[in-house]
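Working notes for the structure below.
Read-outs throughout are calculated quantities, based only on the coordinates presented, and are distinct from any laboratory measurement. What you are looking at is a predicted structure, and each value in this text was computed from that prediction instead of being measured. Methodologically, a virtual Cβ is constructed for each residue, glycine included, from the backbone with ideal geometry; neighbour enumeration extends over all protein chains shown.
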Amino acid sequence: MRNFARIILGTFTAALRRNTNQPRPTGGQLQEFNKAILCVRSLTDFYLMTQYPSHTDETVSYLRQYLQDFHETKDELVDEILKDGAHYNFPKIHLISHYAEQI
């Protein structure tokens, strides 16, 4: 899983930019891409930081910030993934919101 987390951001970025019919994304597409990339980056950074063997107040604040960034940007990504009336009910996303408190 750790290796997956290290390469997902670059792969995701390349896939977003390649899925357009234009040589360059439009302004609206670029804004959506950046928001989706920030969402994935925040979750990946959160995951990688949870792997630290010990934490300080500073690393816990980073965890909280990454999680906050994820929650602020996840709607764009979730809306795209969950089309056709699917629901948004991911218990693990709720569980990670309590991670920093448990350290």
Handout entry: Total formal charge among the other residues, if their Cβ is under 15 angstrom from that of Gln102, Lys/Arg +1 and Asp/Glu -1
Key = 0
Exercise for the section: For the stretch 45-59, take each phi angle, set θ = phi - 60°, evaluate the Karplus expression 6.51 cos²θ - 1.76 cosθ + 1.60, and give the result in whole Hz per residue in order, putting x for glycine and proline. Expected result: 4, 4, 4, 5, 6, 5, 7, 4, x, 8, 10, 10, 4, 5, 5
Practice task
Any chance you could run the full-extension gain for Met49 through Gln68? It's 0.36 nm times the residue separation minus the Cα-Cα distance, nm to one decimal.
Solution key: 5.4 nm
